[in-house]
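As structure tokens, the structure follows; a few thoughts come after it.
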Amino acid sequence: MDKFMNNPWVMKIIALLLALMLYMSVNFDTQTTKSNSMMNSNARYETETLTDVPVSILYDNQNKIVTGIPQSVTLTLEGPKSALTQTKLQKEYEIYADLTNYELGSHQVKLKHRNISDKLDVKIEPQVVTATIEEKVSKNFEVEANFDSNKMRDGYIAEQAIVKPENVEISGSKDQIDRIAYVKAIVEIDDVYETIEKEANVIALDRNLNKLNVDIDPSVVDVTIPVVSPSKKVPFKIVREGALPKGLSIKNIDVSPNEVTVFGPRDVLDKVEFIDDVKLDLSQIKDSTQLKVDVPVPEGAKRVYPEQVTVNVEVDKESTKTFKNLSLSMVGQSQNLNYQFLNPSSGKLDIDVFGSEEVINNISPEDIQVYVNVSNISSGEHDANIEVNGPQNITWSLSTKIAKMKITDKSINEDESNPESEEKDQDSKEKDQNKDSNKEQTTTKQDQNDKPKPDEDQEDDGGVKENDSQVGD
């Protein structure tokens, strides 16, 4: 065994085998590592597409204007994930067109990129663009505020907007400047009911309202929009409802303010002369008091101010006063008809007036008008409501509320109007009928003259029936 091991050839063979084994082992590890490295590298190789990437332009912007370059492009990056992620997060990449050495005219220009890792493949879409270089032209334009008037709160309108500064300088190619039709300061509003002040971006538009890509200085202006509502001050009438507790009467009513402001479209305001439905509920009043009552909004108007008015009601112990033999008059007579009171036949009646002692003591018969409206009554016998006009803060009770009337047509032969002469001969009958008819007309006219006759055009809505409270204030 020793002899075998001492043989030099044996040792050489063993050394060779060991060297081969070591070489194979090292080479196998290297191939495995390289293979794994390539597999891992392929696994992290990705593609990313970025849209709306802005394009910068390098040129003499003091004397030249450039058109045709797109504002943004699509950028596709491909490469290792680590490099791709770093580029996206840093956002330092830039796409640009370098026109610094180009002359006036149109040119095919290749877009370039920078600040993107060399490990990434870059694709720009579009890659080549047509750029037109022109001499720069500047001109001043007046700015007009632009806003949606439909966004105003109901009942409010905007007056002429104030823009500061009023003019801006717009720079661009001569063709662009010639195409400018409107220069607008765009103001966004919503539910506006008071004057607003805002900063607004300025844009230039052609006649088709297409936005033009021009330079505007300043690009932002201050806009003030005065907001008002058409209005009108009008008086109002207190309508009394219900009744005071028994034994009380109104001594005085004072309202503050005595006018309200109505807001709304101008055509509606032109028709509003006063507000006649401000209701005061007397049944809620137990003593002298101060109340807040609502003011209704007239039809078509938007609002009123104030929405409530203050009513000071002063009450006192109720007193009574009787006026006898007040003449009952008529309004709305026709010249073609004769009128006769059958009941009360005298054309007179009594009225009891109720109110505070101070108010009652200051009332005279001349302050009270008792009448019937015959404007819609035709020939024949009719019952007509007796109506009253009188001072404020009183109520009344009539001895009779209905007047029975006989109305005849003047054109009819008067021999048909007197039944008492039926047994007499025809000639005497006609004479008696004429005599009686003339007497009736004279009596009626004399009774009417006992008291000044109300105007025929007077409205009857002021009259109040028995125990009703007078309307108006």
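Where a number appears in this text, it was derived from the coordinates with a stated rule and is not lab data. It should be emphasised that the depicted structure is a prediction, and the values quoted were computed from it without experimental measurement.
Per-structure values
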| read-out | value |
| --- | --- |
| Cα Rg over Rh - the range 45-133, Kirkwood | 1.04 |
| Gap separating the Cα centres of the range 82-146 and the range 227-261, nearest whole Å | 73 |
| Long-range amide H partners of residue 64 with built H, under 5 Å | 136 |
| Spread of Cα-to-Cα distances over 5 Å intervals beginning at zero, given as percent, for the range 241-364 | 2, 9, 14, 12, 11, 11, 12, 12, 10, 6, 1 |
| DSSP-defined antiparallel bridges as percent of all bridges, the range 45-133, nearest 5 | 85 |
| Entries in 151/302; 139/198; 317/401; 174/211 that, when Cα-Cα distance is taken, lie over 18 Å | 139/198; 317/401 |
| In Hz, Karplus ³J(HN,Hα) per residue of the range 150-163 (6.51, -1.76, 1.60; θ = phi - 60°; x = Gly, Pro) | 6, 8, 6, 5, 3, x, 10, 10, 9, 8, 4, 6, 10, 10 |
| Square roots of five times the Cα gyration tensor eigenvalues for the range 70-223, Å | 41, 24, 12 |
| Under-5 Å amide H pairs with residue 396, H placed in peptide plane, nonlocal only | 354, 467, 468 |
| The range 113-126 - phi-based ³J(HN,Hα) in whole Hz, Karplus 6.51/-1.76/1.60, Gly and Pro as x | 9, 8, 6, 10, 4, 5, 6, 9, 8, 10, 10, 10, 10, x |
| ³J(HN,Hα) computed for each position of the range 282-297 - Karplus, 6.51 cos²θ - 1.76 cosθ + 1.60, integer Hz, glycine/proline x | 5, 5, 8, 9, 10, 7, 4, 7, 10, 10, 9, 10, 6, 9, x, 8 |
